[in-house]
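**Student:** Supplied in structure tokens, the structure appears directly below.
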Amino acid sequence: MARAGPSRTQRSQRAPQPSQSQSQRPVRGSRRAAVEEDEDENAGDDDDQDMDINGSQARLADADAELDRRASDLVRFALFMEQKRTLIRREDINKKVLASNSRSFNSVFERAQKLLKKTFAMELVELQSRNYREQDHVVAGDDLQEARNATGIKKKTAAAGSKTYILRSVLDPVIIEEAARMDERLYEEQIADSQEDGDDDDDMPRSYGCIISWSTTDQLGALGVLHAILAFILVSGRSMTDLDLRAHLKRLGLTSNESISMNAQSTHKSLPIDTYLGQLMKQGYIDRVKLGDTKAAGGKRGRAPAATQANPDEIQAFEWHWGHRSYSEIGEQAIATFVAEFMVERNRDDDAEDDDEDGTTTRGRGKGRARGENGGGDKKLKNVYGAIERAAGGNLSDVK
């Protein structure tokens, strides 16, 4: 029997099979087209990457320029506040310098520090908190501390920073001392220039023949009273009642009715002593504490004294301490050295006057004594410094 062949319908449904050469040609063309498409996509991706890099670099440049501008604003703000001896608070920096970008405080602060040191030889210093400073003065061997150590109870440590800043010079003290030393040639030239200009006004600053002239910068009289007040408080055990402080000031001729003279740079020619004490409190040099409220935190701050003389009972209820600015700007060691040098030099001058009045010291004996005094000057200075340290009640701290 003959085999039946495929029907017409089945033959029409079968697709013609291409040859091997015919099947390879379309594949090669599709591969070439795919490669070209990939190259176009890669080129597009490269362009997008270049645009992203350029955009990111532009954003970084803008952010860096904005950081520089904020740092310059902080430097300008700090210099303005320091000119008035006003404390610089972090909240004021956030409000007046950083505005709504307070998270960038650390970056702006670091860049402003570099600018201050390089341009003005100054730096921003954060003042220690009062609680932390009071804990630092506590002697580790008191009964309370020993009881805590025995029971294992740890005292809560206060935060060291107060989020309050001041500007402080970074110049070496030796450089400042040499710059303030009088040079005879410079002094003669300054005197000659003042005579040519006809500066005979008593209010004009005097020339001292030195690079740094304190007469044209600070209030010398007010600055001297401040150092005297800090010295009184330090040698009284780091605290002094208001009555005792006024008694010491009265011995210097500064009663409540007296005023402290200011130079031409001040808005006032003089300030009453009570107003000056209130100004020192605002500037952070001294602090007024109410007696009976002294706790671990150091006590409750009192208001600035009124311009009129207060009731003696109310005066007795307060005592004076160093402010946090004095610890960071002046330091206990500097005040102790100032007092020790003053007392040693004064005793030396008194001895010299006594010898001149007696007339018993010959020239040879005088030279020998001078050499002996110069050799023993350091020893006397150390003895007086040690006495001041004991009177203060402990180790004296340097600027912090």
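**Student:** Name every residue in the stretch 73-98 that is basic (Lys, Arg) and touching a Ser or Thr at 6+ places or on another chain (Cβ under 6 Å), in order of residue number.
**Tutor:** Of the residues in the stretch 73-98, the ones basic (Lys, Arg) are 76, 84-85, 89-90, 95-96.
ARG89 - this is the single residue of the stretch 73-98 that is basic (Lys, Arg) and touching a Ser or Thr at 6+ places or on another chain (Cβ under 6 Å).
**Student:** Write out, first by first residue and then by second, each pair whose Cβ atoms fall under 6 Å of each other, whose residues are 6+ apart or on separate chains, and whose first residue, in the stretch 60-73, is touching a residue at least 40 places away in the same chain (Cβ under 8 Å) and of a type in the set (Gly, Ala, Ser) while the second is open to solvent by 60 Å² or more (accessible area, probe 1.4 Å) and part of a helix (DSSP H, G or I).
**Tutor:** ALA71/ARG111; ALA71/LEU115
**Student:** Further, regarding this structure: If you go through the stretch 229-287, how many residues are more than 26 Å from the chain's Cα centre (by Cα), hydroxyl-bearing (Ser, Thr, Tyr) and outside any loop (DSSP other than H, G, I, E, B)?
**Tutor:** The qualifying residues number 4.
**Student:** Those residues that are part of a loop (DSSP other than H, G, I, E, B), under 19 Å from LYS118 (Cβ atoms) and either over 29 Å from the mean Cα position of the chain (by Cα) or touching a residue at least 24 places away in the same chain (Cβ under 8 Å) (or both), I need them from the stretch 169-190; list them, please.
**Tutor:** The initial filter retains those residues of the stretch 169-190 that are part of a loop (DSSP other than H, G, I, E, B), namely 170-172, 180-183.
Still in the list and also under 19 Å from LYS118 (Cβ atoms): 170-172.
Within the stretch 169-190, VAL170, LEU171 qualify.
**Student:** Is there a residue being modelled with pLDDT of 80 or more, closer than 20 Å to ARG130 by Cβ and surrounded by 14 or more Cβ atoms within 10 Å (Cβ to Cβ) anywhere in the stretch 376-387? Lay out the reasoning, then the answer.
**Tutor:** Pass one, the stretch 376-387, residues modelled with pLDDT of 80 or more: 378-387.
Filter once more, keeping what is closer than 20 Å to ARG130 by Cβ: none.
There is no residue in the stretch 376-387 that is modelled with pLDDT of 80 or more, closer than 20 Å to ARG130 by Cβ and surrounded by 14 or more Cβ atoms within 10 Å (Cβ to Cβ).
**Student:** Just checking, how many residues over the stretch 137-168 are outside any loop (DSSP other than H, G, I, E, B), within 32 Å of the chain's Cα centre (by Cα) and at pLDDT 60 or above? Break it down into steps so the answer makes sense when it comes.
**Tutor:** Of the stretch 137-168, the ones outside any loop (DSSP other than H, G, I, E, B) are 137, 143-151, 161-168.
Adding the requirement that they be within 32 Å of the chain's Cα centre (by Cα) leaves 137, 145, 161-168.
Still in the running and at pLDDT 60 or above: 161-168.
Here the count works out to 8.
**Student:** Return only the number of the condition from (1) modelled with pLDDT of 85 or more; (2) within 30 Å of LYS95 (Cβ to Cβ) that HIS227 does not satisfy.
**Tutor:** (2)
**Student:** Let me ask something else. Kindly indicate whether any position in the stretch 38-52 is open to solvent by less than 60 Å² (accessible area, probe 1.4 Å), out of contact with any Cys (no Cβ under 8 Å at 6 or more places or on another chain) and modelled with pLDDT under 80.
**Tutor:** If we filter the stretch 38-52 for residues that are open to solvent by less than 60 Å² (accessible area, probe 1.4 Å), which is where we start, we get 43-44.
From the residues that got through so far, the ones that are out of contact with any Cys (no Cβ under 8 Å at 6 or more places or on another chain) too are 43-44.
Now restrict to residues that are modelled with pLDDT under 80: 43-44.
Yes, that holds for at least one residue.
**Student:** Listed residues LEU171, LEU116; which is touching a strand residue (DSSP E or B) at 6+ places or on another chain (Cβ under 6 Å) and modelled with pLDDT of 85 or more? Spell out how you get there, then give the answer.
**Tutor:** Details: LEU171 fails: touching a strand residue (DSSP E or B) at 6+ places or on another chain (Cβ under 6 Å).
Answer to the check: LEU116.
**Student:** Check off (1) among the polar types (S, T, N, Q); (2) at pLDDT below 60; (3) in a loop (DSSP other than H, G, I, E, B) for ASN395 and give me the number that stays unchecked.
**Tutor:** That leaves (2) as the condition not met.
**Student:** For the structure I just gave you, tell me whether ARG206 is of a type in the set (Lys, Arg) and either modelled with pLDDT under 70 or at positive phi (or both). Spell out how you get there, then give the answer.
**Tutor:** On the way: of a type in the set (Lys, Arg): yes; either modelled with pLDDT under 70 or at positive phi (or both): yes.
Judged against the criteria, ARG206 is a match.
The values are calculated or read from the model by the stated rules, or taken from the named source; none is laboratory data. This is a predicted model, so every value here is computed, not measured. Note that each Cβ is placed from the backbone with ideal geometry, even for glycine, and that neighbours are counted across all protein chains shown. In case anyone asks, the SASA skips ligands and DNA or RNA and just uses the protein heavy atoms, side chains included. Shrake-Rupley method; radii C 1.70, N 1.55, O 1.52, S 1.80 Å.
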